[in-house]
Amino acid sequence: MSAPVFDAITLEVLWTRIISVVDEAAKAIVRTSFSTLSNEANDFACMLTDARGLALAQNTGSIPSFIGTLPATVRHFLRAFGPEGMRPGDVLITNDAWMGTGHMSDVSVLKPIFRAGRLVAFSATTSHMPDIGGRLRAIEAREVFEEGIHIPLMKLRDAGRTNDTLIELIRANVRTPDQTVGDIWAQVGANELMERRLLALMDDGGLDTLAGLADERVQAP
């Protein structure tokens, strides 16, 4: 399937609308997060990528380091699971320091987005947790094992079914279980919001793929 070519007006309309999607998701995190790290310190980011893990847009107030690592995290999941290992209703999670931001207190939550049974995009968020276990002052840790509970690349939800064992493990290993898990669910909600808004955008624009939008480049005259 060939990627569409966009004229300047259509590209601007799509671009403006997709920015509004990630900005709305950011507002959802601020409204629903349990800790002040998100709703006051703004220590999070929301992003959309295409099916290849190439960045489409990030919220306007996002943390630069997070938007630099989130597309790479998406691609790590693609290599680990493959598109064929992902299904509608999946929610992916990790705080692996080498697959994410380099800091285990930052939890990345991703959602593969499907349209007509085909993987078309990912919604992705990263948020700094109020606590992830380990040493109180993570900067004093001499090895990654001292930083807290390690969540490898895995599914928080598998085809819509929540991994309750993982939730209990996280709660048992952090000092602020309600806030930490509450912030993770705020991320899940933001990812689901981005999924709904993006699919509506694709329906309105008659888009079967986002590859062309991701590949679009502004050419100098």
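Since every read-out is calculated from the coordinates, none of them should be taken as a lab result. Since this is a predicted model, take the numbers as computed values, not measurements. Neighbour counts are summed over all protein chains in view; Cβ atoms, including those assigned to glycine, are modelled from backbone coordinates with ideal geometry.
Quick notes on this structure:
- In plain terms, if you count all Cα to Cα distances in region 118-221 and split them into 5 Å steps from zero, the share in each step is 2, 10, 15, 18, 14, 11, 9, 8, 7, 4, 1, 0 percent.
- Note on region 1-145: Cα-only Rg and Dmax are 16.3, 53 Å.
- Label-reachable residues, region 48-92, where backbone N falls under 18 Å from a point 7 Å from LEU166's Cα toward its Cβ: 70-92
- Stokes-Einstein diffusion coefficient of region 163-221, Kirkwood radius over Cα pairs, 20 °C, 1.002 mPa s, in µm²/s: 145 µm²/s
- Kirkwood hydrodynamic radius computed over region 80-152 comes to 13.5 Å, based on all pairs of distinct alpha carbons.
- A Förster radius of 25 Å, combined with the Cβ-Cβ distance separating ARG87 from ASP7, puts the computed FRET efficiency at roughly 0.10.
- Here is the list for region 1-110: GluC sites (Glu not before Pro) lying in DSSP coil, each with at most 16 other C-beta atoms within 10 angstrom of its C-beta, are GLU40.
- Alpha-carbon spread of region 47-86, three principal axes, descending order, Å: 33, 15, 12
- Spatially, region 26-64 and region 175-211 are offset by 10 Å when compared through their Cα centroids.
- Seen against the Cα atoms of the chain and their longest principal axis, helix 8-32 is set at about 20 degrees.
- FRET E, pair TRP15, THR36, Förster distance 25 Å, beta-carbon r, rounded to 0.05: 0.20
- Relative packing of peptides 71-83, 42-54, 160-172 - highest average C-beta neighbours within 10 Å first: 42-54, 71-83, 160-172
- Distance in nm between pseudo-label sites at THR60 and ARG175 (7 Å out along the Cβ direction from Cα): 3.7 nm
- Between 0 and 90°, nearest 10: helix 64-81 axis offset from the chain longest Cα axis: 90 degrees
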